[in-house]
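Beneath this line is the structure, given in structure tokens, with notes to follow.
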Amino acid sequence: MSIKLSTGKEIPIEMHKARMVQKIWLTLVEQRLKAIEEAGYNTFLLKTKDIFLDMLTDSGVNAMSDNQFAGMIKADDAYAGSMTFYEFAEAVEDVLGYKYVMNVHQGRAAEHLIPKVFAKSGDVIPTNYHFTTTKAHIELIGAVCLEIYTDEALKTESTFPFKGNMDPQKLKDTIKKYGRDKIPFVRMEATTNLLGGQPFSMENLREITRICNEYGIPLVLDGSLICEDAYLIKQRQKGYENKTVAEIVKEMCSLADLFYMSGRKNTCVRGGLIATNNEELFEKIKPWLPVYEGFFTYGGMSMREIGAMAVGVREMVDPDVAGCTIKQIKYFVKRLVETRIPVVTPPGGLACHLDAKKFLPHIPQTQYPAGALAAALYIASGIRSMERGTLSMDRDKEGNEVLSDLELTRIAIPRRVYTMSHIEYAVDRINWLYKHRDLIKGLKFVYEPPVLRFFLGKLEAIDNWGRSLCEAFEKELGPC
Ligand code: F0G
């Protein structure tokens, strides 16, 4: 929640206390330069010993609750038929309202199974916006991922509350153009990751469901960030002010035919799930689970993680959990807007996103401005962020660069991990970087993998700009 101070100022306040901590270090700027050079200017390839604040992602790095740890210890280890799985299934039915559920080892495993079972080469899958791993799996089977977002979606500075909406008219046109038989399902993603953590509205989800029902096309909901979307619907959509996050989540789920989520975010564990009330859809996926993931009652996860997930599914709709990152992100974005740093607005879920096209207008997209900014932020602060732009797109079949709609440097906020002083530090270093943005130049590949190149690719700084930035930092701010 947020608390209003007696001065009138509002601050996010943590509704939990730290009972176990991990030591972190801030290394010298010279060491950070060396580390990022060794990592090929790719923040994924840094080692955590060299990182001060790890804001790469909110996935698999959230603080679990005491009750989740208890759930881990109690877990019933069995290859088949574990009672922990059935406790988990009960939690899913209570919270999401789905009768049928299976675990998968993480979100992308669901993204592998769903197109594999329902789609074929030449199909088209409309989505409000793609996610990297979703698109990779759809394209691997020869289908196309078609984005039909609204006109507001790509405006980084906006006051539009639901930039994650799908455009209903464009969906109807798409169905008419390709024909119902070429569209195995429509995909909606909650708190749309690559649009800067932007939600869709309940009204929009309802309209998209109505269109899907009209044409008999199943609606698949990626609920990896469902609780943030629900929290933002409560804050931004008329008629939802007095509903609980739990009620909104259940209503969203009731509108989808098939649901999947990465459990690494909302449930604060390491795993995933696929759920539905449609027995026929479920039975089509089920035989493939033991082939690719594991037996039906563990699906590639450890029973301990499932034990923690059973608790996490219930806890994720607590507004103090669902809203904990949203409050911090709102504060973070507000502090950056105060000094006119180009940042995605309105603030959403998952992260604070810097608009690298505006931050570094002198770097062309083919030299990956968002990747350069992520590397520069690391040098100037020890903060690890993530590129979400052209570097995160793979080349087309002819080997041409596919320019991303947005060039974002994502500074993610893991749940219940960092505090206000960490955010103030980030704000300060981003401001310093903005003043010295002319020193930052582009990147070029020295090793480029054929698929999802952003994970393992290695790059170098054009004109060795990392060194110039490091020297400017040392001169003004000292060794760290
Ligand atoms: N869908 C969405 C919306 C996601 O944000 C992610 C992961 C996935 C699917 C895949 O799930 O990682 O468990 O296999 N997002 C992470 C991120 C990687 O950093 O935003 P996964």
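The values are calculated or read from the model by the stated rules, or taken from the named source; none is laboratory data. Quantities reported herein were computed from a predicted structural model and do not represent experimental measurements. Here the Cβ positions follow ideal geometry from the backbone for every residue, glycine too, while neighbour counts run over all protein chains shown. The accessibility values were calculated without ligands, DNA or RNA, using every heavy atom of the protein model including side chains. Shrake-Rupley method; radii C 1.70, N 1.55, O 1.52, S 1.80 Å.
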Set Pro184, Pro161: member being in a loop (DSSP other than H, G, I, E, B) and over 20 Å from the mean Cα position of the chain (by Cα): Pro184
Odd one out for Ser392 among (1) within 20 Å of the chain's Cα centre (by Cα); (2) polar (S, T, N, Q); (3) open to solvent by 30 Å² or more (accessible area, probe 1.4 Å): (3)
Qualifying residue in region 223-240 (condition: among the β-branched types (Val, Ile, Thr) and either within 16 Å of the ligand (Cβ to nearest atom) or within 19 Å of the chain's Cα centre (by Cα) (or both)): yes
Tally, over region 97-118, of residues that are more than 16 Å from the ligand (Cβ to nearest atom) and farther than 12 Å from Leu281 by Cα: 3
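Per-residue answers, yes or no, for (1) touching a Phe, Trp or Tyr at 6+ places or on another chain (Cβ under 7 Å); (2) at pLDDT 95 or above; (3) not in a strand (DSSP E or B):
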position	(1), (2), (3)
Lys397	no, no, yes
Glu401	no, yes, yes
Leu406	no, yes, yes
Lys444	no, yes, no
Glu460	yes, yes, no
Leu469	no, yes, yes
Cys480	no, no, yes
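Yes/no per residue for (1) within 21 Å of Arg410 (Cα to Cα); (2) open to solvent by less than 60 Å² (accessible area, probe 1.4 Å):
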position: Val144; (1), (2): no, no
position: Lys163; (1), (2): yes, yes
position: Ile175; (1), (2): no, yes
position: Phe200; (1), (2): yes, yes
position: Ile233; (1), (2): no, yes
position: Lys238; (1), (2): no, no
Residue under evaluation Asn277, criteria (1) polar (S, T, N, Q); (2) open to solvent by 60 Å² or more (accessible area, probe 1.4 Å); (3) touching a helix residue (DSSP H, G or I) at 6+ places or on another chain (Cβ under 8 Å), criterion not met: (3)
Qualifying residue in region 256-274 (condition: open to solvent by less than 10 Å² (accessible area, probe 1.4 Å), under 25 Å from Gly300 (Cβ atoms) and more than 15 Å from the ligand (Cβ to nearest atom)): no
Residue within region 168-177 that is assigned to a helix (DSSP H, G or I) and within 11 Å of the ligand (Cβ to nearest atom) present: no
Lone qualifier among Thr339, Thr366, Thr325 - being at pLDDT 95 or above, hydroxyl-bearing (Ser, Thr, Tyr) and under 18 Å from the mean Cα position of the chain (by Cα): Thr325
Lone qualifier among Ile423, Ile462 - being open to solvent by less than 10 Å² (accessible area, probe 1.4 Å) and β-branched (Val, Ile, Thr): Ile423
Residue count, region 367-395 (criterion: part of a helix (DSSP H, G or I) and in contact (Cβ under 8 Å) with a residue 60 or more places away in the chain): 14
Residues of region 110-142 classified as of a type in the set (A, V, I, L, M), within 20 Å of Ile175 (Cβ to Cβ), open to solvent by 10 Å² or more (accessible area, probe 1.4 Å) and assigned to a helix (DSSP H, G or I), total: 0
Number of the condition not met by Leu289 [criteria: (1) open to solvent by less than 60 Å² (accessible area, probe 1.4 Å); (2) in a helix (DSSP H, G or I); (3) away from the ligand (no atom under 15 Å from the Cβ); (4) in the same structural domain as Ile462 (by TED's automatic domain parsing)]: (4)
Unique match (being open to solvent by less than 10 Å² (accessible area, probe 1.4 Å), in a helix (DSSP H, G or I), within 27 Å of Arg416 (Cβ to Cβ) and not assigned by TED's automatic domain parsing to the domain that holds Pro199) among Leu336, Leu354: Leu336
